[in-house]
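The values are calculated or read from the model by the stated rules, or taken from the named source; none is laboratory data. Being a predicted model, the structure only gives us computed values, none of them experimental. Heads up, the Cβs are rebuilt from the backbone with ideal geometry, glycines too, and the neighbour counts pull from every protein chain shown.
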Protein chains: 2
Amino acid sequence: MGPRARPSAAIVLSGDELLDGRTRDSNGRLLAGVLSGRGVRVASLAIVGDDRARLAATLRCALAGEPDLLLVGGGLGTTHDDLTAECLADVLGVPLREHDGALEMVAERARDVAERRGLDFTDVLERTRRQARLPAGARPLPPAGVAPGIAAVVGATRIFAFPGVPWELRRMWSEVEAELEREGFFPSVVTRLVRLFGAGELQISPVLEDCARDLLWVGINIGAGEVTVILRHDADEAARAQAAAVVAALEAELPVFSSDGRTVDDLLGEALRTRAETVAVAESCTGGLLGARLTARPGSSDYVRGGVIAYANQVKEGLLGVPRELLERHGAVSEEVAAAMAEGTRHVTGATWGIGVTGVAGPSGGSPDKPVGLVYVGCAGPGGVHVVGNRFPGDRDNVRDWSVVRALHLLREQLGV
Amino acid sequence: MGPRARPSAAIVLSGDELLDGRTRDSNGRLLAGVLSGRGVRVASLAIVGDDRARLAATLRCALAGEPDLLLVGGGLGTTHDDLTAECLADVLGVPLREHDGALEMVAERARDVAERRGLDFTDVLERTRRQARLPAGARPLPPAGVAPGIAAVVGATRIFAFPGVPWELRRMWSEVEAELEREGFFPSVVTRLVRLFGAGELQISPVLEDCARDLLWVGINIGAGEVTVILRHDADEAARAQAAAVVAALEAELPVFSSDGRTVDDLLGEALRTRAETVAVAESCTGGLLGARLTARPGSSDYVRGGVIAYANQVKEGLLGVPRELLERHGAVSEEVAAAMAEGTRHVTGATWGIGVTGVAGPSGGSPDKPVGLVYVGCAGPGGVHVVGNRFPGDRDNVRDWSVVRALHLLREQLGV
């Protein structure tokens with residue numbers, strides 16, 4: 001990134017469940033993603049267990065870097081291992097006090113919970129009341145779920161603490177984000193994403209190396225078959241021109257499918273909606289993952305019909321009309337069956353496009369002839385059916401993930417977007 | 001946890017993509033989970049960007065805690081921002097040297113890549129050769145994908161560095177785990193997991209508080225409708241007895257569905273396989289997520305038939321035989337349609353059990369009558385069909401996740417396991 005200073009942030013998440021593999025962190029990813037996208041430099045993301053000393057030490061360590069923003073997730077619940085308020089008070093050198101506004105918020109939520117679960121209000125309030133205790137001088141953030149958040153300031157650092165429940169954190173953070181936005185906290189930063197399918201890092205790096213990029217911060221992200229090049233820069237003309245030149249070079253030499261931020265999901269959704277066309281799936285080894293991905297996008301009911309999870313051969317035959325003879329002659333994992341599945345789902349759902357996926361996800365079921373990772377993806381449409389064969393690396397999860405991405409791109413190619 | 005000392009570990013992951021929201025960390029979760037389960041205390045998990053100074057500082061900071069194990073993920077690729085080897089050498093105070101064994105490994109992989117992508121071998125080797133440079137005194141770990149790992153020792157800390165590609169890390173870590181196992185690194189620790197469905201933290205805490213638990217480490221994990229109580233203790237009689245008493249108390253008072261480690265997925269898979277029965281899905285708002293979850297388990301083709309993603313009403317009618325009149329009278333999101341979907345998929349796939357899911361995942365599509373989060377789940381089986389209505393909190397993703405978990409438990413209840 002160019003010479004101008006960007007605000008910085010540190011993120012601290014607490015919770016044993018994040019350290020012993022029980023729960024996958026999504027809060028850190030969300031916060032880091034939004035902040036980066038808005039030009040804030042995320043200096044560190046630390047995860048600590050529900051341990052008073054370690055949480056306090058980590059907060060101190062994060063504050064020592066004097067970030068402009070310290071975001072804390074987790075540790076605001078009702079159990080003995082919810083230590084965030086206490087540790088924050090400690091680190092700020094102030095006492096913990098019951099806050100009137102916070103108590104009101106907690107009481108209101110306690111009333112709801114008591115009603116919903118048929119419990120005694122006084123009991124519930126007694127159990128949740130500690131959530132109204134804040135470091136002196138801090139203010140509560142209205143809860144999305146049950147626990148209020150905490151806002152405090154120390155030196156030049158603004159601190160915001162949220163409960164760890166992902167949807168509560170998301171909702172409460174977006175309020176804080178709007179507040180920071182109103183105050184002009186976020187710099188003017190431009191992010192350009194160049195997305196590629198069908199080229200690897202080894203082909204991309206040389207192209208980048210040939211471009212002037214001293215005004216850019218350049219990152220490469222490798223997904224399940226997709227590569228994204230991220231260009232971030234200040235909002236001035238010289239930097240803009242440099243970024244545009246990099247984008248042009250990538251587009252000229254490599255299979256770039258998007259350079260305006262849209263994902264493959266966006267491209268498919270928009271193309272199908274514009275053309276008033278629909279898509280349906282026929283999934284064997286992916287077992288529903290492709291349908292789940294297509295319908296993850298709000299509003300996808302406009303263009304996703306649904307489809308068939310044809311895990312068993314009887315379902316391939318019965319619901320999709322794949323001829324038994326085809327299954328017997330070529331095997332379920334074959335170009336022919338992928339094509340028949342794609343055509344079958346198109347036919348039975350009445351969709352414009354049908355996508356069929358059949359493969360060996362592993363760990364068992366592979367043979368020398370049809371090894372684990374072999375996946376056929378077919379796409380049937382008004383112009384006929386196209387099938388691609390793939391050999392994906394990695395384990396069951398990986399093979400399934402790559403299959404979904406390959407399927408999306410096959411449809412994209414057929415749609416010509 | 002009891003008085004005996006447990007070995008400790010620190011985890012450091014590097015990669016800008018983990019800090020700017022592009023990639024969700026799965027490596028930290030995996031490593032932390034395995035280590036915790038084997039009785040290793042995970043002291044910290046730090047994520048840093050591709051920044052030389054910050055990575056070195058974080059490694060130093062992790063080593064300052066004198067962990068028995070330091071695991072490093074990421075930064076072993078071929079680009080200029082792959083800095084792990086360099087930073088490790090720095091922190092260990094040794095030079096970086098090309099290692100003969102590592103060079104052999106890299107050359108072998110370069111040959112593969114060159115062949116597969118039709119590139120020149122010498123070119124590819126030139127671009128990947130830096131992966132053979134290790135801190136002096138370190139040894140390479142054989143690569144699963146392209147990059148070798150690094151094993152080194154400093155003081156009482158054993159260091160292992162892996163590439164950040166998840167399946168490569170998983171495979172290489174399992175070799176290291178086996179090596180540590182052979183050396184007797186892991187203590188004898190017992191973990192008991194008590195899984196509940198239909199009770200919240202507020203009901204569980206009082207039960208735990210009434211039990212003696214000074215020899216136990218107790219954790220609570222809240223998932224999408226499921227709660228897991230984790231009891232971890234030394235392998236002695238006194239601790240075992242205390243854990244057994246806690247398990248018994250929870251089972252006596254609350255809806256515990258598993259206390260032997262098995263997940264709801266395991267219970268369903270085993271019950272269906274034992275009975276030689278099968279299941280099929282009919283998914284509207286979950287769009288394939290339930291099928292994907294059921295088929296995520298290796299070997300699930302023994303008992304999962306597949307099913308129908310009935311996102312559009314035409315598919316509910318056409319493929320599942322849901323009467324149009326039912327859809328018009330009650331709406332797609334209704335008890336009646338959930339039941340008809342469950343029966344429909346059971347019928348058309350020939351499965352023993354059919355599960356139907358229909359709901360309003362949001363963000364749009366809600367009404368005062370049928371708000372976002374309203375989800376009906378039906379389960380049809382030999383004894384008839386049962387439907388449960390739910391009102392799930394949170395956003396689209398959350399509603400879909402909770403719906404899947406509710407569906408699994410409805411089938412579990414019907415199977416009587």
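I'm trying to understand the selection: among the residues of the range A:167-205, which are among the acidic types (Asp, Glu) and within 14 Å of another protein chain (Cβ to nearest Cβ)?
Across the range A:167-205, the qualifying residues are A:Glu168, A:Glu177, A:Glu201.
Out of (1) within 11 Å of chain A (Cβ to nearest Cβ); (2) surrounded by 18 or more Cβ atoms within 10 Å (Cβ to Cβ); (3) free of Cβ contacts under 8 Å to residues at least 60 places away in the same chain, what's the single condition that is false for B:Pro363?
(2)
So A:Thr263 passes all but one of these: (1) polar (S, T, N, Q); (2) touching a helix residue (DSSP H, G or I) at 6+ places or on another chain (Cβ under 7 Å); (3) farther than 26 Å from B:Asn313 by Cβ; (4) within 13 Å of chain B (Cβ to nearest Cβ). Which condition number does it fail?
Condition (2) is where A:Thr263 drops out.
If we only count helices (runs of 4 or more DSSP H) wholly inside the range A:72-139, which ones have 3 or more residues that are surrounded by fewer than 18 Cβ atoms within 10 Å (Cβ to Cβ)?
So the answer is A:100-117, A:121-128.
For the range B:360-385, how many residues meet the condition of being touching a helix residue (DSSP H, G or I) at 6+ places or on another chain (Cβ under 6 Å) and closer than 23 Å to B:Arg412 by Cβ?
Of the residues in the range B:360-385, 10 are touching a helix residue (DSSP H, G or I) at 6+ places or on another chain (Cβ under 6 Å) and closer than 23 Å to B:Arg412 by Cβ.
Exactly one of (1) in contact (Cβ under 8 Å) with a residue 24 or more places away in the chain; (2) surrounded by fewer than 24 Cβ atoms within 10 Å (Cβ to Cβ) is unmet by A:Leu45. Its number?
Condition (2) is where A:Leu45 drops out.
Do we have any residue at all in the range A:270-278 that's at the interface with another protein chain (Cβ under 10 Å from one of its Cβ atoms), in contact (Cβ under 8 Å) with a residue 60 or more places away in the chain and part of a loop (DSSP other than H, G, I, E, B)?
Yes - at least one qualifying residue is present in the range A:270-278.
Please indicate, with yes or no, whether at least one residue in the range A:35-43 is assigned by TED's automatic domain parsing to the domain that holds A:Pro148 and either in contact with a Cys (Cβ under 6 Å, 6 or more places away or on another chain) or under 20 Å from B:Ala62 (Cα atoms) (or both).
yes
Taking A:Ala224 as the residue in question, decide whether it is touching an Asp or Glu at 6+ places or on another chain (Cβ under 9 Å), more than 30 Å from A:Met105 (Cα to Cα) and in a loop (DSSP other than H, G, I, E, B).
It is true that A:Ala224 is touching an Asp or Glu at 6+ places or on another chain (Cβ under 9 Å), more than 30 Å from A:Met105 (Cα to Cα) and in a loop (DSSP other than H, G, I, E, B).
Tell me, which residue of the range A:340-352 that is surrounded by fewer than 24 Cβ atoms within 10 Å (Cβ to Cβ) and in contact (Cβ under 8 Å) with a residue 40 or more places away in the chain is nearest to B:Arg171 (Cα to Cα)?
Checking each candidate, the answer is A:Glu343.
List the number of the failed condition for A:Val256; all other conditions in (1) in contact with a helix residue (DSSP H, G or I) (Cβ under 7 Å, 6 or more places away or on another chain); (2) β-branched (Val, Ile, Thr); (3) within 12 Å of chain B (Cβ to nearest Cβ) hold.
(3)
Only one of (1) at the interface with another protein chain (Cβ under 10 Å from one of its Cβ atoms); (2) at pLDDT 85 or above; (3) surrounded by 22 or more Cβ atoms within 10 Å (Cβ to Cβ) fails for B:Gly33. Which number is that?
All conditions are met except number (3).
So A:Asn398 clears everything in (1) surrounded by 17 or more Cβ atoms within 10 Å (Cβ to Cβ); (2) under 24 Å from B:Thr349 (Cα atoms); (3) within 14 Å of another protein chain (Cβ to nearest Cβ) except one condition, right? Which one?
(2)
When you scan the range A:220-261, how many residues do you find that are farther than 13 Å from A:Phe197 by Cβ and of a type in the set (A, V, I, L, M, F, W, C)?
The qualifying residues number 15.
Can you name the number of the only condition in (1) within 18 Å of B:Asn313 (Cα to Cα); (2) part of a helix (DSSP H, G or I) that A:Arg293 fails?
(1)
For the range B:220-261, enumerate the residues that are farther than 30 Å from B:Thr286 by Cα and modelled with pLDDT under 95.
B:Leu231, B:Arg232, B:His233, B:Asp234, B:Ala235, B:Asp236
If A:Phe257 satisfies every condition in (1) buried (at least 18 other Cβ atoms within 10 Å of the Cβ); (2) part of a helix (DSSP H, G or I) but one, which is the exception?
(2)
Anything in the range A:289-325 that is hydroxyl-bearing (Ser, Thr, Tyr), within 7 Å of chain B (Cβ to nearest Cβ) and touching a Gly at 6+ places or on another chain (Cβ under 7 Å)? List them, or say none.
If the condition is that a residue be hydroxyl-bearing (Ser, Thr, Tyr), within 7 Å of chain B (Cβ to nearest Cβ) and touching a Gly at 6+ places or on another chain (Cβ under 7 Å), then A:Thr295, A:Tyr311 are the ones that fit.
Which of the residues belonging to the range B:181-201 are part of a helix (DSSP H, G or I) and either buried (at least 18 other Cβ atoms within 10 Å of the Cβ) or in contact (Cβ under 8 Å) with a residue 12 or more places away in the chain (or both)?
Scanning the range B:181-201 gives a single hit, B:Glu201.
Test of understanding: among A:Leu13, A:Leu18, which residue is facing another protein chain (nearest Cβ under 8 Å), within 24 Å of the chain's Cα centre (by Cα) and buried (at least 20 other Cβ atoms within 10 Å of the Cβ)?
Within the list A:Leu13, A:Leu18, the selection yields A:Leu18.
Give the number of residues within the range B:9-35 that are within 23 Å of A:Asp397 (Cα to Cα), in contact (Cβ under 8 Å) with a residue 40 or more places away in the chain and not in a strand (DSSP E or B).
Matching residues across the range B:9-35 total 8.
Report, by residue number, each residue of the range A:48-71 that is touching a residue at least 24 places away in the same chain (Cβ under 8 Å), more than 10 Å from chain B (Cβ to nearest Cβ) and in a helix (DSSP H, G or I).
A:Arg52, A:Leu55, A:Ala56, A:Leu59, A:Arg60, A:Ala62, A:Leu63
Can you find even one residue in the range A:204-216 that is touching a Pro at 6+ places or on another chain (Cβ under 7 Å), in the same structural domain as A:Ala243 (by TED's automatic domain parsing) and surrounded by fewer than 17 Cβ atoms within 10 Å (Cβ to Cβ)?
There is no residue in the range A:204-216 that is touching a Pro at 6+ places or on another chain (Cβ under 7 Å), in the same structural domain as A:Ala243 (by TED's automatic domain parsing) and surrounded by fewer than 17 Cβ atoms within 10 Å (Cβ to Cβ).
Quick one: is A:Ala310 surrounded by 24 or more Cβ atoms within 10 Å (Cβ to Cβ) and free of Cβ contacts under 8 Å to residues at least 12 places away in the same chain?
No: the conditions fail for A:Ala310.
Tell me, please, whether a residue that is within 13 Å of chain B (Cβ to nearest Cβ), of a type outside the set (S, T, N, Q) and in a helix (DSSP H, G or I) can be found in the range A:159-166.
Yes, the conditions are met somewhere in the range A:159-166.
Do we have any residue at all in the range A:376-386 that's in a loop (DSSP other than H, G, I, E, B) and of a type in the set (Gly, Ala, Ser)?
Looking through the range A:376-386, at least one residue is in a loop (DSSP other than H, G, I, E, B) and of a type in the set (Gly, Ala, Ser).
Checking A:Val387 against (1) more than 14 Å from chain B (Cβ to nearest Cβ); (2) of a type in the set (Val, Ile, Thr); (3) in contact with a Ser or Thr (Cβ under 7 Å, 6 or more places away or on another chain), only one condition comes out false. Which one?
(3)
Do you know which of the residues in the range A:206-216 that are in a helix (DSSP H, G or I) and in contact (Cβ under 8 Å) with a residue 12 or more places away in the chain is farthest from the other protein chains (Cβ to nearest Cβ)?
The selected residue is A:Val207.
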